[in-house]
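Derivation of every value follows stated rules applied to the coordinates shown; laboratory data play no part. Quick caveat, the model's predicted, so the values are computed rather than measured. Ideal geometry is used to build each Cβ from the backbone, glycine not excepted, and the neighbour counts take in all protein chains shown.
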Amino acid sequence: MSLVREEIAAQRAAVARVVADAGGAIAAAAADIAGRRPAFAVIAARGSSDNAARYAQHVLGRLCGLPVALALKIKELAGVAAEPASPADFLHGPIAMLDPGFPLLAILPDGPAGAAIRDVLAAARERAADITVIADADRAAAAGERLLAVEPVPEWLSPVCAVVPAQLLAVGAAEARGFDPDRPAGLQKVTRTT
C-alpha cells in the first residue's frame, strides 16, 4: 500500500476520535460562543478570500462528499453571519472588526501554511478577540484561546480532520441558541440548481 493510501486510511480513526469528543471541548466552545449571541464571526483559513472556504467546499465537498463550507454551515445552522478570509485579506481589512470578545475561528494547519494563520492569531490576541483554534492535538492553546484538537496528519490532509470540529461547532452553536440544526430556518434540504 502506498504512503498516500496509508495516510488516507488513517483518517477514519482520526475523525472518529474528533467525533467522540463532540460533547467535550467542541460542545463547550459552541455553548460559550452561542452564549455571547454574536451577530457576526470571522473564519480565517489559508488561501485567498474565495479560496479559504471554497477550497474545501468545491474540492473536498465534491470529490469526497464532505459538506465543508464552514462559514455557510455556521450561517445556516446558528444564524450567525460568518465570513471566510485568507490571512492576507483578513489582515488587510476585516481585522478592523476585531473588538474585545469578537469571535474568531481559526483553522491552523501544521507546517508552512500555518505561518500566516499564526500572524492572524497574534493580531487577534492583541485585540482581545474571542479565539477558537482548530489545530493539532499536540499544540498548546495560547492564553485566552480555546483549542479544538484534531489528530496530527500531513498538512495536505488537514482540512479533512479540521472540518469535523468546525461542523460540530456550528451544530452546537445552533443547539445552544435553541435552533434545530436539522431544520435551518427558511431553508430546504434540497437545493435546486440548473
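Annotation for ALA140 and ALA31: the two label points, set 7 Å from Cα along the Cα-Cβ direction, are 2.7 nm apart. Potential lengthening of the chain between ALA185 and ARG127 amounts to 17.6 nm, from the contour at 0.36 nm per residue minus the alpha-carbon distance.
Between ALA88 and ARG17, what length in nm is gained on full extension when 0.36 nm per residue of separation is reduced by their alpha carbon distance? Before the final figure, lay out each step's value.
On the way: separation 71, 0.36 × 71 = 25.56 nm, distance 3.21 nm.
22.4 nm is the gain from fully extending ALA88 to ARG17.
With both labels modelled 7 Å from their Cα along Cα-to-Cβ, the MET97 to ASP119 distance reads 2.0 nm.
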